[in-house]
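Sharing a structure here in structure tokens format.
None of the figures in this text is laboratory data; all of them are computed from the coordinates on show. As the structure is a prediction and not an experimental result, all values here were calculated from the model. Reconstructed Cβ throughout: ideal geometry from the backbone, glycine too, with neighbour counts over all protein chains shown.
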Amino acid sequence: MRHWLPDLAGTPWRAIILSERQQIWCLVDAIDYPWLVETNWNVWWSGRARWQLYAKRNVGRDRATVRMHREILKAVDPRPAFEIAALHGDHRNGQTLDNRRANLRWLTPAENRLNVHERERIPSLDLIVLQLKARERPRLEALEAIPF
């Protein structure tokens, strides 16, 4: 494991590297990890807010951009193509590299505009992982205490 990635062994989450050189990664649920890593993902800087980063890949001859959070939402909450085209994939906590299912939802453009986060209040991926692991620890300790 690369020293700059969090240790997610034994957790229900995984990290996907988007840029080795820039040490940029995203967080996903372990259940989505196998199908997501079948293709290469990289980082995209938002045109709206240059500090927001997204996981994306390019497809086809025209190199169309496919964003990871939208692909996960399509798998978890499938909808007709015409409906998906009119919706935004939203990151509840504002951290655009946190692509866990619990952090993603479909919103209308108007709803999405209401979910604006001040840059200073958006948690880092490292902080999210620390909080998730702290929340997970009591459950794991309880499982270890069960005699078999």
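Does the chain classify as rounded, prolate or oblate by the C-alpha gyration tensor (a ≥ b ≥ c root eigenvalues; a/c under 1.5 gives rounded; else a/b over b/c gives prolate, otherwise oblate)?
prolate
Calculate, in nm to one decimal, what Arg63 and Leu107 gain on full extension: separation in residues at 0.36 nm each, minus their alpha carbon distance.
Contour length minus Cα-Cα distance gives 13.3 nm.
Can you compute the helix-only [θ] at 222 nm over the chain? Use -39500 (n - 2.57) per DSSP H run of at least 4 residues, normalise by all residues, nearest 500 deg cm²/dmol.
-8500 deg cm²/dmol
So which GluC sites (Glu not before Pro) in segment 61-122 are both in a DSSP loop and have at most 13 other Cβ atoms within 10 Å of their Cβ?
The qualifying sites are Glu118.
Turning to a different aspect of this structure: Suppose every K and R has +1 on its Cβ and every D and E has -1 on its Cβ; what is the size of the dipole of segment 49-131 about the Cα centre, in Debye to the nearest 20?
280
Quickly work out the Asn40-to-Ala75 label distance, labels modelled 7 Å from Cα along the C-beta direction, and quote it in nm with one decimal.
2.0
While we're on this one: Along the charge dipole of the chain, which of Trp51, Trp106, Pro34 sits closest to the positive end, that is, farthest toward it, with unit charges on the beta carbon of Lys, Arg, Asp and Glu (+1, +1, -1, -1)?
Trp51
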